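The values are calculated or read from the model by the stated rules, or taken from the named source; none is laboratory data. Since the model is a prediction, treat every value here as computed from it, not as a measurement. We place every Cβ from the backbone using ideal geometry, glycine too, and count neighbours over all the protein chains shown.
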Amino acid sequence: MKKVLIAGATGYLGKYVVKEFKKREYWVRALVRNPDKLSETGPFLEPKIDTFVDDVWIGDVTKPETLSGLCEDIDIVFSSVGLTRPGERVTFMDVDYKGNRNILFEAIKSSTDKFIFISVYRARDFTFIEGIKAKEMFVDELISSGLKYTIIRPTGFFSDMTQFLDMALKGRVYLIGDGENRMNPIHGADLAKVCVDSVDQDVEEVSVGGPEILKYIDIARLAFNIIGEKPKIMRVPKKLVELSTIPLKIFSRNYYTLIKFFVTAMTNDFIAPCRGKHRLKDYYKELLRMRGIKV
Ligand SMILES: NC(=O)c1ccc[n+]([C@@H]2O[C@H](COP(=O)([O-])OP(=O)(O)OC[C@H]3O[C@@H](n4cnc5c(N)ncnc54)[C@H](OP(=O)(O)O)[C@@H]3O)[C@@H](O)[C@H]2O)c1
């Protein structure tokens, strides 16, 4: 039986990846900070996974002393570790770059067969954003590590599309720019399949998005349509958002970086090769059902 280490196992994508590896009969070690999260369904419908995990390793990627021996006897390392909540005291460089590098050191020490890492679609075009730069600095180290690797480059996740539904529920959706840019968001379960498929593929990079190509304005309309309300959409000029967030650069760099990421995402096309079968409409309906809201 092959053994996999999953770092980021308590996150949106990580939970689906744990489930998919288990389905394919792997022995699964999960690196977590808080084991309680394994037995909880996540806020974006990601499944509870406590019964799919064979070994729980409690550690923090920014503290290398908690990772010593993490990859012993492990065949495959998967990492979707990244900073996604601006409130954390650490920086993108601490987590996305140095944290993943700490896992890589352990993988090299234990001569792991392969390292699978989650970056972002078109990341090389957007390294002026600190969080993306940090990921790509790690990618460079992974490439020169001598280990076999696959870098997965997804577009936006369904979890991130939830914010449009939440805005619609509050009465108005705000879009940055004219809303005409397009992307193909992907469900965690569809992306997890792509990640696990890559184990046996001799491919170094995989760009991937979901099956539907949508304009942001269409996503906003869809959100209103699902809740049965007339669309109220406000387009905010990109320049206005950029100017108004300048103070954040000084007071909260992590917030500033995440907003910059959203501005970039909404004002560029992000259309990667289409995979999977989950549709955003069904995700929104299921999410509302889970929250007890009638649709
Ligand atoms: N969301 C999108 O649209 C999108 C698109 C393309 C790429 N990505 C990238 O894909 C990756 C996964 O995204 P996601 O939505 O699954 O993120 P997520 O739900 O926030 O999951 C991130 C995972 O990393 C873990 N983590 C963070 N800091 C850690 C630390 N210091 N030590 C150990 N574990 C740590 C988190 O643990 P805790 O549960 O303890 O916090 C969580 O398990 C991220 O790198 C993200 O930037 C996201």
Margin query: I'm told residue 149 meets every condition in (1) modelled with pLDDT of 95 or more; (2) outside any strand (DSSP E or B) except one. Can you identify the failing condition by its number?
Written below: (2)
Check: For region 174-278, which fully contained helices (runs of 4 or more DSSP H) count at least 2 residues that are surrounded by 15 or more Cβ atoms within 10 Å (Cβ to Cβ)?
Finding: 188-197, 216-227, 238-244, 253-266
Next item on the list: Check off (1) of a type in the set (Val, Ile, Thr); (2) assigned to a loop (DSSP other than H, G, I, E, B); (3) farther than 21 Å from residue 186 by Cβ; (4) within 11 Å of the ligand (Cβ to nearest atom) for residue 95 and give me the number that stays unchecked.
Entry: (2)
Item checked: Any chance residue 164 is of a type in the set (Phe, Trp, Tyr), assigned to a helix (DSSP H, G or I) and within 22 Å of residue 214 (Cβ to Cβ) -> yes
Item checked: Yes/no for residue 35 being over 23 Å from residue 138 (Cβ atoms) and either more than 8 Å from the ligand (Cβ to nearest atom) or surrounded by fewer than 15 Cβ atoms within 10 Å (Cβ to Cβ) (or both) -> yes
Next item on the list: Could you tell me which residue of region 152-171 is farthest from residue 267 (Cα to Cα), considering only residues that are touching a Lys or Arg at 6+ places or on another chain (Cβ under 9 Å) and buried (at least 20 other Cβ atoms within 10 Å of the Cβ)?
Entry: 168
Check: Within region 45-56, is there a residue that is surrounded by 19 or more Cβ atoms within 10 Å (Cβ to Cβ), near the ligand (Cβ under 9 Å from one of its atoms) and touching a residue at least 12 places away in the same chain (Cβ under 8 Å)?
Finding: yes
Note to self: Anything in region 216-257 that is touching a Pro at 6+ places or on another chain (Cβ under 6 Å) and modelled with pLDDT of 95 or more? List them, or say none.
What the structure shows: 221, 224
